[in-house]
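Asker: Sharing a structure here in structure tokens format.
Laboratory data are not the source of any read-out in this text; all were calculated from the coordinates shown. Model, not experiment: these values are computed from the prediction. FYI the Cβ positions are ideal-geometry reconstructions off the backbone, even for glycines, and counts take in every protein chain you see.
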Amino acid sequence: KNQVEQSPQSLIILEGKNCTLQCNYTVSPFSNLRWYKQDTGRGPVSLTIMTFSENTKSNGRYTATLDADTKQSSLHITASQLSDSASYICVVSEVESGGGADGLTFGKGTHLIIQP
Amino acid sequence: DGGITQSPKYLFRKEGQNVTLSCEQNLNHDAMYWYRQDPGQGLRLIYYSQIVNDFQKGDIAEGYSVSREKKESFPLTVTSAQKNPTAFYLCASSIQGTSYGYTFGSGTRLTVV
């Protein structure tokens, strides 16, 4: 069964510090991996999307890495800000057949709190 | 601006009542999806639709129903058969046949009172 495991479940850091969130997956065959940011009570917003051939992608202070061999990804946040407080969700897509929509597997998310 | 609009943001349901959650998109996406989000759990797929007048059950379809009469609209009805409906519901859309371009709405929080 396809699975996406995220760690840690929750994390508290001080404003201005860096942090790294982890995502391990067993989805196969792999198509792409994406990181989403979800503010409390809001829908997820895409941060990065990476395919098999990409091993790093940045979006401002967010940098995602992908190791397709070990099936691991990380999201690094640099110089954290109070607005980074949110849940970060890792989503892995398998190669779809016939355009099926059940090719996405969602992690449970990491709840990040930035303290002033 | 293009996007997905979910309404209402908050919804309260009495025991035994059916309620309908609205999802409208103007992204010209063919595919639309409904997810349920519970605390400490990943998103779970309820129903999805790849084209108008066609939809498929997801992993947790029991107690829910949908319709897809228009490309832009994919309403979700939470029926009285859904025994634990309190949750955060998210609608999403994408270009048909691909998971790229997945866009989520802002969600509806449903509470049973």
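Asker: What's the FRET efficiency of A:Ser7 with B:Gln56 using the Cβ-Cβ distance as r and R₀ = 41 Å, to the nearest 0.05?
Answerer: Values: r = 32 Å, r/R0 = 0.79.
Rounded to the nearest 0.05, the efficiency is 0.80.
Asker: Here is a further query. What nm value, rounded to one decimal, do you get for the distance between B:Phe12 and B:Thr79 when each label is placed 7 Å out toward the C-beta?
Answerer: 2.6
Asker: Once a ≥ b ≥ c are taken as the square roots of the eigenvalues of the Cα gyration tensor of region A:24-101, is the result rounded (a/c under 1.5), prolate (a/b larger than b/c) or oblate (a/b not larger than b/c)? All intermediate terms of the calculation are to be shown ahead of the outcome.
Answerer: Numbers: a/c = 2.49, a/b = 1.48, b/c = 1.67.
Taking the square roots of the gyration eigenvalues as a ≥ b ≥ c, region A:24-101 is oblate.
Asker: So which residue, out of A:Leu21, A:Leu82, A:Leu11, gets the largest mean-square fluctuation from a GNM of chain A using Cα contacts under 10 Å as springs?
Answerer: Sorting by GNM fluctuation, first place goes to A:Leu82.
Asker: Pull up the DSSP beta bridges for the protein assembly as shown and report the antiparallel fraction as a percent, rounded to 5. It would help to have the intermediate numbers written out before the result.
Answerer: Working: 72 of 81 bridges.
Taking every DSSP beta bridge within the protein assembly as shown, about 90 percent pair in antiparallel fashion.
Asker: If I take every Cα pair under 8 Å that is 6 or more residues apart in region A:1-101, average their sequence separation and divide by the length, what percent do I get for the relative contact order?
Answerer: The normalised contact order for region A:1-101 reaches 35 percent.
Asker: Using 26 Å as the Cα-Cα cut-off, could you pick out the over-long pairs in B:Lys9/B:Lys70; A:Lys17/A:Lys108; A:Lys1/B:Lys9; A:Lys108/B:Lys83? Display every interim value, and only then the final one.
Answerer: Numbers: B:Lys9/B:Lys70 22 Å; A:Lys17/A:Lys108 24 Å; A:Lys1/B:Lys9 34 Å; A:Lys108/B:Lys83 23 Å.
Correct reply: A:Lys1/B:Lys9.
Asker: GNM, chain B, Cα, under 10 Å: largest mean-square fluctuation among B:Val78, B:Val66, B:Val19?
Answerer: B:Val19
Asker: Expressed as a rounded percentage, what relative contact order does chain B have, with Cα pairs under 8 Å and six or more residues apart? Spell out each step's value before the answer.
Answerer: Details: 296 pairs, mean separation 39.2, N = 113.
Across chain B, relative contact order equals 35 percent.
Asker: Give me a single rounded figure for B:42-51: the average over its residues of other chain Cβ atoms within 10 Å of their Cβ.
Answerer: Details: counts 12, 11, 1, 4, 0, 1, 3, 1, 4, 1.
Counting Cβ atoms of other protein chains within 10 Å of each residue's Cβ and averaging gives 4.
Asker: Still on this structure, I have one more. Using a 10 Å cut-off around each Cβ of peptide A:36-44, what is the average number of partner chain Cβ atoms that fall inside?
Answerer: Mean shielding count: 5.
Asker: Would you mind calculating the relative contact order of region B:46-97 from Cα pairs under 8 angstrom and at least 6 residues apart, reporting the percent as a whole number? It would help to have the intermediate numbers written out before the result.
Answerer: On the way: 66 pairs, mean separation 14.7, N = 52.
Once divided by the residue count of region B:46-97, the mean separation gives 28 percent.
Asker: State, to one decimal in nm, how far the label point of A:Asn59 lies from the label point of A:Ser83, with both points 7 Å from Cα in the Cβ direction.
Answerer: Output for this residue pair reads 1.4 nm.
Asker: Which Cys residues of the protein assembly as shown have no other Cys beta carbon under 4.7 Å away?
Answerer: Cys with no partner Cβ under 4.7 Å: A:Cys19.
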